[in-house]
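Rule-based calculations on the coordinates, nothing more; no lab input. Model, not experiment: these values are computed from the prediction. Cβ atoms come from the backbone with ideal geometry, glycine included; neighbour counts cover every protein chain shown.
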């Protein structure tokens, strides 16, 4: 009996949960499986591998098939699945293909009048895309993805969840970089001891080269949104243009001695962001602040994270009309870490912070559904108008010199959703003659701001 009591105290001291609620007071539907039931551990007690992430999401889909739809969008270089898990009400999940088609109609004001747009907006949910773990060694957000999905599906009589399900569809990308994720999990598993070591100098906190940040070919996937060289990014961009989520959040981690960052970003803003987008960043930031204040979490805005460069995951969706944001959580880089102020930070706490931010973001989208849909339509409409009236009307890409490079550029622009014409006869423009086969990119199109930014 004495040995047992010592063992129990020892277990608690290592950071394993005794009584921890990610959203205190919530009652959950017992018919929806928990992580403990499916994976054998509580959320935040272990760092889930890619296989465990997939296994749990598939268990949720099996348990609540009318509210979850998993769509594979790519395979990593090492053959791991990349998926979006769509979570919503039975009505919205049942008409997911129709929602996609309606968003495409809303995305082209040349084909959809203002009256038609108004009718679509009245009947459509706002799609929210939560993208986790683009850097494989930023570990808390993929586990937050699992508890976010569980909470949306299992929380009972929760007015926030009910509002989210009624007014949005949440797209969850549990890990954008599965190869890097599993590289980190492998290194951590072989380095950890019998109990977590909070020392930043401990082996479990020091990754061997090349670490888990990058994908199989050591490419930083958060720098690939313009060049589109990697299958993970290409798959994401393709699906985003199928659904045009109105809100896109890229959830990251930063140094252990920080706290939590969310929008609005620091200046300078990219000049091709619309005023409505900048105003919406304030809406999301204020609601996040409300919940973080209520939970007692530390946070900051602006500071070092700007919205200028268009090639990040938290930037690129802005240029089709989304409200795109980065969230950053201080990293435990393991199950426990001792910060420079002497405080010990638990992995489960970092998971909780990303989870609360995810639910808060979905709530803001639900509260502002009509505004976000209207802003999206107007963003695309005003882009066409600017392309018609501004001094630069088009870009001409002659097929001269290295024609393979020109063709490759055109192919990449096409993957970005840019409309490109090709001359069938020779023509003259700006006092210069152009041959048959020359590419012309008109700015009088919905992708005008992306074109100018690129």
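Note the full-extension length gain between residue 298 and residue 27 as 0.36 nm times their separation in residues minus their Cα-Cα distance, in nm to one decimal.
Extending this stretch completely gives an extra 94.9 nm.
In whole angstrom, note down how far apart the Cα centers of the stretch 189-262 and the stretch 19-59 are.
Using only Cα atoms, the two centres lie 21 Å from each other.
I want to check the label-to-label distance for residue 275 and residue 105. Put each point 7 Å from Cα in the C-beta direction and report it in nm to one decimal.
3.0
Normalised by the number of residues in the stretch 2-383, what is the relative contact order in percent for Cα pairs under 8 Å and 6+ residues apart?
It comes to 22 percent, rounded to a whole number.
Tell me, Kirkwood radius of the stretch 390-453 from alpha-carbon pair distances, in Å?
12.3
Assuming a ≥ b ≥ c are the square roots of the Cα gyration tensor eigenvalues, decide whether the stretch 227-287 counts as rounded (a/c under 1.5), prolate (otherwise, with a/b larger than b/c) or oblate.
oblate
Only helical DSSP H runs with n ≥ 4 go in: add -39500 (n - 2.57) per run for the chain, normalise by residue count and round the 222 nm mean residue ellipticity to 500 deg cm²/dmol.
-13000 deg cm²/dmol, from helical runs alone.
If R0 is 56 Å, what FRET efficiency do you get for residue 206 and residue 242 from their C-beta distance, rounded to 0.05?
E(calc), rounded to 0.05, equals 0.85.
To the nearest 0.05, how large is the calculated FRET efficiency for residue 396 and residue 163 if R₀ is 60 Å and r is the Cβ-Cβ distance?
After rounding to 0.05, the efficiency reads 0.75.
Sticking to Cα atoms, compute the Rg of the stretch 260-345 to one decimal and its Dmax as the biggest Cα-Cα distance, whole number, in Å.
Answer for the stretch 260-345, Rg first and Dmax second: 14.9, 45 Å.
Given points 7 Å out from each Cα along the Cα-Cβ axis, report the residue 428 to residue 404 separation in nanometres with one decimal.
In this crude spin-label approximation the distance works out to 3.5 nm.
Convex hull over the alpha-carbon atoms of the chain: what's its volume per residue in Å³?
157
Could you rank the peptides 98-111, 304-317, 277-290 by their average count of other C-beta atoms within 10 Å per residue, with the highest value first? Present the calculation step by step, with values, prior to reporting the outcome.
Details: 98-111: 16.6, 304-317: 20.4, 277-290: 18.2.
Highest-to-lowest ranking by the protection proxy: 304-317, 277-290, 98-111.
Mind listing the Cα extents of the stretch 315-390 along all three principal axes, in Å, largest one first?
Principal extents (largest minus smallest coordinate, Cα): 59, 28, 18 Å.
Order of 73-79, 293-299 by packing, highest average Cβ count within 10 Å first?
Going by the mean number of other Cβ atoms within 10 Å, highest first, we get 73-79, 293-299.
Given 10 °C and 1.306 mPa s, compute D for the stretch 106-218 with the Stokes-Einstein relation, Rh being the Kirkwood radius over Cα pairs; round to the nearest whole µm²/s.
Value of D from the Cα-based Kirkwood radius: 91 µm²/s.
Arrange the peptides 416-425, 388-397, 87-96 so that the one whose residues have, on average, the most other Cβ atoms within 10 Å appears first.
87-96, 416-425, 388-397
How many angstrom lie between the C-alpha centres of the stretch 263-278 and the stretch 286-363?
Cα centres, the stretch 263-278 to the stretch 286-363: 18 Å.
Ratio of Rg to Rh for the stretch 157-205, alpha carbon only, Kirkwood?
Taking Rh as the inverse mean 1/r over Cα pairs, Rg/Rh reads 1.29.
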